[in-house]
Amino acid sequence: MGISFRKIDDPWRGLEECSQVLAVGDEALKMVDKGVGHITDVGELWWERVGTPLFFAVLVARRWDAEVKRAVEEMENSVAAFYENPLPLVEQVARRLGVRRELVEEYYMRSRYFVPRDGIRHMEREAEILGLPRLKFLDV
C-alpha cells in the first residue's frame, strides 16, 4: 500500500517522535476529541487503495456448537438492538472515554457490523495483502 509503520507503545508520545501516528479504537477517539488532527480513517484508506471493505474482526471458533451458536445469536440481537436505539450505548461509551457524544455516534454510524455476501472473498484478499496465513472458513 506504499505505507510503512513503526510500532510505538503510546500514540501520545509517538506524536512527539513522529509527524503522524496510527491510533485505533478508544485512543483514536480520545485523540480526535482533544483536537489532534484527523488525517484519514483506515477503513476509508483501505477502500480507496484496495477497493474492498476492511474487516477489523471476525468470530473465530474451533468448532460450531450450541455455545458458539448462542454467542452468534446474542451478537446479532445486540447489533439489532443497537441499530434500533443506539443512543444508550453511544452515551455510555462517550462517558467512559470522556469524549464528545457526537464523536462516538459518528464512529458507530460509520461502522458496519455484518459481513456482506462477498465478505469471505474480501477477507481472503485482506489476509493476502497483509501477509497473513491462508484463512479457513467453517461452512455452517
Worksheet entry | Residue in segment 36-49 that is touching a Gly at 6+ places or on another chain (Cβ under 9 Å) and within 27 Å of residue 125 (Cα to Cα) present | yes
Worksheet, complete the sentence: Exception for residue 96 within (1) open to solvent by 90 Å² or more (accessible area, probe 1.4 Å); (2) more than 24 Å from residue 61 (Cβ to Cβ); (3) touching a residue at least 12 places away in the same chain (Cβ under 8 Å) falls at (3)
Practice prompt. Can you confirm whether segment 88-108 contains a residue that is touching a Pro at 6+ places or on another chain (Cβ under 9 Å) and either at pLDDT below 90 or among the charged types (D, E, K, R) (or both)?
Written response: yes
Worksheet item: What residue, among those in segment 41-71 that are surrounded by 14 or more Cβ atoms within 10 Å (Cβ to Cβ) and out of contact with any helix residue (DSSP H, G or I) (no Cβ under 9 Å at 6 or more places or on another chain), is farthest from residue 130 (Cα to Cα)?
Response: 68
Worksheet item: Since residue 38 meets every condition but one in (1) surrounded by 14 or more Cβ atoms within 10 Å (Cβ to Cβ); (2) out of contact with any Lys or Arg (no Cβ under 6 Å at 6 or more places or on another chain); (3) closer than 23 Å to residue 102 by Cβ, which condition does it not meet?
Response: (1)
Item to complete: Answer yes if at least one residue in segment 44-65 is modelled with pLDDT under 80 and of a type in the set (Ser, Thr, Tyr), and no otherwise.
Response: no
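The values are calculated or read from the model by the stated rules, or taken from the named source; none is laboratory data. From a predicted model like this one, the values you see are computed outputs, not experimental measurements. Heads up, the Cβs are rebuilt from the backbone with ideal geometry, glycines too, and the neighbour counts pull from every protein chain shown. The accessibility values were calculated without ligands, DNA or RNA, using every heavy atom of the protein model including side chains. Shrake-Rupley method; radii C 1.70, N 1.55, O 1.52, S 1.80 Å.
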